[in-house]
Structures are given as structure tokens and as C-alpha cells.
Amino acid sequence: MSSAAESSFVYVTYIRTTPERLWSALTTPEFMRQYWFDCHIASDWKRGSPWKLQFKDGRIADSGTIVEIDPPKRLVLEWRNEWSPEINAEGNARCTMDLEPVDGAMKLTVTHSIARPGSKLIAAVSGGWPKILSNLKSLLETGEVVMKGK
């Protein structure tokens, strides 16, 4: 549900895997590095806890707070870009990951939204999420990623 005062991006994919395996892929730094171009999220994965997405060299790409966590069904993150001053100035966004079993596979829906029309953050994630999630799907199903570089 998007309004004129909001920008959002929604991506849905179906992955032949189990709920537990998909959840682990979304929350385990070692696994995450394989499909997220050497980046990973560091957190203790508890409601209200901070999280940060780190580049390979240790710089922080994005950060925020865990708003909701219900393994292996739902993860909601308050999300703020840290590497681009222009995008950082837009403030906090929200990223929701919903996981749902469907016919022996998992439906993964990622919704990224911010209360700002024409958001540069949403433009950026609209290019990034399809690459990341294609890599995730391929890695879980075949053991290999689709793309190595950003």
C-alpha cells in the first residue's frame, strides 16, 4: 500500500528450499557474503537490536534497527543508507521480508519503502535487490551465484 507521499519497491521470488534454509541464508553472515557481493549483515537478530550491512573492507553500507523478527516467517528492518550523504539525508526506510511456504518452495517477498516521493534510496535498492535475490535463489537451488561483481 503505497501513497503519493511514499516510494516503495516490491520484489517477489520463489525459491526451491526450506523455510529454515532460507531464513539461515538471510541471517548468517558467512552465507550472506556469497550472494550479497561480499557484504554481510551483522546483528544479534533480536527485536530492537541494531544491525549493519558491512562492505568487505569493513565500511558500513546501511544500518538500522530490527523492528520485527519472527523466524522463519518475517523480518522487518528500519533501514538507513550510510555510504551516500545524499541518500542518508532521506532518513529511515523500512525493509520487510516475508517468507511463505508455497507448493514445496518458498515465496520470498521483499518490500522496501520510505515516506518520501521520488526517493533516491528506493531507486538504488530497485537496482540492487534483483541482483542480490537472483544470487540468493541461484545459490540455494544450484550452489552457485548468478553474478560475482556488483
### Inter-part distance where the stretch 130-150 and the stretch 4-80 are each reduced to a Cα centre, Å
15 Å
### Query
Quick one: helix 120-142 against the long Cα principal axis of the chain, what's the angle to the nearest 10°, folded into 0 to 90?
10 degrees
### Query
Taking only C-alpha pairs under 8 Å that are 6+ residues apart, what is the relative contact order of the chain in percent?
29 percent
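In the structure shown, do any of 107/137; 73/107; 46/131; 56/107 have a Cα-Cα gap over 21 Å, and if so which? Walk me through the numbers before you get to the answer.
Details: 107/137 11 Å; 73/107 10 Å; 46/131 27 Å; 56/107 29 Å.
Result: 46/131; 56/107 exceed 21 Å.
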### Query
Hey, can you rank 54-63, 128-137 by average C-beta count inside 10 Å, highest first?
128-137, 54-63
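Shape of the stretch 46-94 from its Cα gyration tensor (a ≥ b ≥ c, root eigenvalues): rounded if a/c is under 1.5, otherwise prolate when a/b > b/c, or oblate? Walk me through the intermediate numbers first.
Values: a/c = 2.83, a/b = 1.59, b/c = 1.78.
Since a/c reaches 1.5 but b/c is at least a/b, the shape of the stretch 46-94 is classed as oblate.
What is the projected area of the convex hull of the Cα atoms of the chain, averaged over all directions, in nm²?
On the way: hull surface 34.2 nm².
Quarter of the Cα hull surface area: 8.5 nm².
Using the heavy atoms of the protein chains alone and a 1.4 angstrom probe, what is the accessible area of the chain per residue in square angstrom?
Values: 7740 Å² over 150 residues.
Ligands and nucleic acids excluded, the result is 52 Å² per residue.
How much of the accessible area of the chain, probe 1.4 Å, is carbon plus sulfur, in whole percent? Walk me through the numbers on the way to the answer.
Values: 3990 of 7740 Å².
Roughly 52 percent of what the probe reaches on the chain is carbon or sulfur.
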### Phi-based couplings in Hz for the stretch 9-15 (Karplus 6.51, -1.76, 1.60; Gly and Pro marked x)
9, 10, 10, 10, 9, 10, 10
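Take the Cβ-Cβ distance between residue 18 and residue 56 as r, set R0 to 35 Å, and report the resulting FRET efficiency rounded to the nearest 0.05. Before the final figure, lay out each step's value.
Numbers: r = 29 Å, r/R0 = 0.82.
Calculated value: 0.75.
In deg cm²/dmol and to the nearest 500, what is the mean residue ellipticity at 222 nm of the chain if only DSSP H runs of at least 4 residues count, each as -39500 (n - 2.57), divided by the residue total?
Values: 4 runs with 43 residues, N = 150.
Calculated mean residue ellipticity at 222 nm is -8500 deg cm²/dmol.
The values are calculated or read from the model by the stated rules, or taken from the named source; none is laboratory data. Computed from a prediction, not measured in an experiment: that's the story for all the values here. Ideal geometry is used to build each Cβ from the backbone, glycine not excepted, and the neighbour counts take in all protein chains shown. Surface accessibility is based on the protein's heavy atoms, side chains included, excluding ligands, DNA and RNA. Shrake-Rupley method; radii C 1.70, N 1.55, O 1.52, S 1.80 Å.
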